[in-house]
Every structure is written in structure tokens, then in C-alpha cells.
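All remarks here apply to the structure that follows.
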Amino acid sequence: MREALIDLGAVSRNVETLRSSVGNMTSMVVVKANGYGHGAVHAARAALDGGADWLGVVDIDEALELRASGIEAPVLAWLHDPEQDFSAAVAARVDLGVSYLQQLDRVAAASGVALVHLKVDTGLGRNGAAPGEWEAFFAAAATHERAGRVSIRGLFSHLAGVDDALQVASFEVALAAAAAAGLRIQIAHIAASGAAIATPGSRFDMVRLGIAAYGLSPFSKHLPGAPTLTPAMQLSGAVVSVKRVTAGTGVSYGHEFVAAKDTTLALVPLGYGDGIPRHGSGTGPISINGQAYTVAGRVAMDQVVVDVGDDAVALGDRAIFFGDPATGVPSADDWAAASGTINYEIVTRIGARVVRRYLS
């Protein structure tokens, strides 16, 4: 009934296109959060087929899932529980993002030589060592490296905006401080999808490609000259009920929608339990048989109702919530606009009840 059709070829082509747009430099494709809802292992393989050099995840469990599937490409995991045991990650040669001195010591205490990317906070105000901590942080990293406990492979940060020149300048200061501490940084990286495309000065040694690899724009408005990408996910559900109702019939909780005339209502089994934003109640776009409609009334946990008027809609017809707008269906951006959110959330929140079907 509920299906997310994932075009893996689109992921590969998007990665190829993005790599070309940044001069074919080293690229990491981020497959965190189950590949932004697309399926982490499938997305990772498609990204590697498209030329990705690295894969990025948030936590070690996500990294070990990739390793268990047979993926041997470099993988970076960067957010860890304070009591995290790093031994399995070190043994699996998972690169570890390290954000503070105590965490660095825990990583260094794990059996084996840990592959480390030091994270610095250049102005986002989230994870990473603050500027006042850099000297001690880098000195400790150099000590651990000389003792053979870690190998410092990278230095990284994250931008609050795609063109934050102050953060880029701060990152350059961090690189100089790391060098002064005796560290030889192999891979410096700060740019995610938006900066990788729009801000060449932020690319350094590697770019991290996230939402753009899945064919969705990282920008809030159109950017002239941005590469053309293909959305990889199409979300749809089968129409499971069709009924004719009279004018004045209320629909869904609270009767926020009342039929203005005799009409036909189609029921589709996707709701906020599957990741459809409740804020899309009364506004979310849906395409059935090539015709555009809007969710009638509130989005429920398991279903939505669509007022299809006098159009011929039958049981089993596919109701497409979003996909590639080039095919005439709504986009994830359309749903984001209708729900007051961003396209990242629209695809990432698609739940486990939705069956992923893959096109290679």
C-alpha cells in the first residue's frame, strides 16, 4: 500500500554531477539517518558507483551497518555517546570525528590505532572544540599520535550558512594551529552540499555531499548556475477507499474540511505515522492519475483524505505525494512549503511502515 520508490541510478548520477561541479575533488556522500530516508546501504553503494570517495554517518552503529554489508570505503562517524566504546569502530577501520579532549582520550584508549578527524567549532555553536581549547586539543592529539594510539587524518567543521566567510577564516586559523602543534592534516573539510556548490573557497581538501546527492536542493531559493539534480525518492500510496458524499459532509478530525458540493473522497493510507507532516493538513499536494489535488482536512496518523471532485478515481490507483517534479508530480519542496519545513525533513522522516523499492 505504502511505497517509497528509490531510483538508485539518480543518486549515482547526482553524485557524478556534483563531483563535476566541484572540479572532481575528493567527495564524501553522507548517508546518515538511513540515507536521508532512502536506505543507507543502498544509497551508499549508489554513491560509490557515482564516484564518491568517502561515506559519512552520524554514529558508529550507522558505520558498522555499512561495514556489515560489505562496504569497505572510508567511513567517518562524528557524534558519539559520552560513554561510547570505540573498540569495534577502531577494529572496523571507521574514521572517528572527535570533538573534545576527554573524547580524544577515550578514543586513544581503545585497542588499535584509531583513525581520527578532529572537529572544531568555527561558529556554528554545536559540536567541536571551541577556539580557546584548540591549543590543548591539538597538543594532546599530537601526543597520542606520536605514541601510536591514533592517526590524525582530518580536521573538520560545519558551516551555519553556505557563504560564512568568518567561519572559513576561523577554520584556516584552526588549520594553522594544528600545524603549529605538529599535526599533518591530510583532509580538511568544512563544506556541505550548499557551500560545496556555491562557495569554492570553502572546499579545502574534501566536500561533504548530503541532501544534494539525493536530488534535492540545499538552498532555500533557486541558485542560478546550480547543477541540475534528479530527486531519487517517489512516495506514493494506493487508494483504499472511494466514496461519494453529499454537500456539507465533514472530513477528518475537527471537520476542518466540509464538502462545498457533492463530491468524491479518496482515502490513502499514509499519515503522520509514516512521516507525512501534520502541518500539511489542508495544504499538502497529491497527484492521482496525473491530476493535482490537495489533502482534505487533517492528516491523521495512518491516512489522508483527498477530495477528487467528479474525477474518475478507482481503488488501487496510486496517489503520489512527491517525486520528481519533471514528471508532473509534486516535489518534496512542494510538501515542505505546504508544511512550513524543509525538504530534508520531508524525505528523512519517512517511516518504517513505508516499503522501500529500489530501481538500480
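The values are calculated or read from the model by the stated rules, or taken from the named source; none is laboratory data. Worth saying up front: this structure is predicted, and the values here are computed from it rather than measured. Cβ sites come from the backbone with ideal geometry, for glycine too, and all protein chains shown count toward neighbours.
So if I check each of ALA160, ALA191, which one is in the same structural domain as MET25 (by TED's automatic domain parsing), surrounded by 17 or more Cβ atoms within 10 Å (Cβ to Cβ) and either of a type in the set (D, E, K, R) or part of a loop (DSSP other than H, G, I, E, B) (or both)?
Numbers: ALA160 fails: surrounded by 17 or more Cβ atoms within 10 Å (Cβ to Cβ).
On inspection, the qualifying residue turns out to be ALA191.
Do the conditions hold for LEU79, that is, is it at pLDDT 95 or above and part of a helix (DSSP H, G or I)?
Details: at pLDDT 95 or above: yes; part of a helix (DSSP H, G or I): no.
Spelling it out, it is not the case that LEU79 is at pLDDT 95 or above and part of a helix (DSSP H, G or I).
Could you tell me whether TYR293 is buried (at least 18 other Cβ atoms within 10 Å of the Cβ), of a type in the set (Phe, Trp, Tyr), farther than 28 Å from ALA77 by Cα and touching a helix residue (DSSP H, G or I) at 6+ places or on another chain (Cβ under 8 Å)? Spell out how you get there, then give the answer.
Numbers: buried (at least 18 other Cβ atoms within 10 Å of the Cβ): yes; of a type in the set (Phe, Trp, Tyr): yes; farther than 28 Å from ALA77 by Cα: yes; touching a helix residue (DSSP H, G or I) at 6+ places or on another chain (Cβ under 8 Å): no.
It is false that TYR293 is buried (at least 18 other Cβ atoms within 10 Å of the Cβ), of a type in the set (Phe, Trp, Tyr), farther than 28 Å from ALA77 by Cα and touching a helix residue (DSSP H, G or I) at 6+ places or on another chain (Cβ under 8 Å).
Could you identify the single residue in VAL90, VAL107 that is free of Cβ contacts under 8 Å to residues at least 40 places away in the same chain and under 24 Å from SER157 (Cβ atoms)? Before the answer, list the steps.
Values: VAL107 fails: free of Cβ contacts under 8 Å to residues at least 40 places away in the same chain.
On inspection, the qualifying residue turns out to be VAL90.
The rows are residues; the columns are (1) under 22 Å from ILE346 (Cβ atoms); (2) of a type in the set (Lys, Arg).
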site: PRO218; (1), (2): yes, no
site: LEU223; (1), (2): yes, no
site: THR230; (1), (2): yes, no
site: SER236; (1), (2): yes, no
site: ARG244; (1), (2): no, yes
site: THR249; (1), (2): no, no
site: VAL258; (1), (2): no, no
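Looking only at region 163-180, decide whether some residue is outside any strand (DSSP E or B) and either among the aromatic types (Phe, Trp, Tyr) or not assigned by TED's automatic domain parsing to the domain that holds GLN84 (or both).
Initial filter on region 163-180 (outside any strand (DSSP E or B)): 163-180.
If we keep only those that are either among the aromatic types (Phe, Trp, Tyr) or not assigned by TED's automatic domain parsing to the domain that holds GLN84 (or both) as well, we get 171.
Yes, some residue in region 163-180 is outside any strand (DSSP E or B) and either among the aromatic types (Phe, Trp, Tyr) or not assigned by TED's automatic domain parsing to the domain that holds GLN84 (or both).
Quick one: in region 340-360, which of the residues that are of a type in the set (A, V, I, L, M) and in a helix (DSSP H, G or I) is surrounded by the most Cβ atoms within 10 Å (Cβ to Cβ)?
Taking region 340-360 as the starting set, the residues that turn out to be of a type in the set (A, V, I, L, M) are 342, 346-347, 350, 352, 354-355, 359.
Keeping just the survivors that are in a helix (DSSP H, G or I) gives 346-347.
Details: ILE346: 28, VAL347: 26.
Result: ILE346.
Can you tell me which of (1) modelled with pLDDT of 95 or more; (2) surrounded by fewer than 22 Cβ atoms within 10 Å (Cβ to Cβ); (3) outside any helix (DSSP H, G or I); (4) under 24 Å from the mean Cα position of the chain (by Cα) is the one ASP85 doesn't meet?
Single failed check for ASP85: (4).
Tell me the residue from ASP205, ASP274 that is surrounded by 21 or more Cβ atoms within 10 Å (Cβ to Cβ), among the acidic types (Asp, Glu) and at pLDDT 95 or above, please. Even if it seems obvious, please write down each step before you answer.
Values: ASP205 fails: surrounded by 21 or more Cβ atoms within 10 Å (Cβ to Cβ).
When all the criteria are applied, what remains is ASP274.
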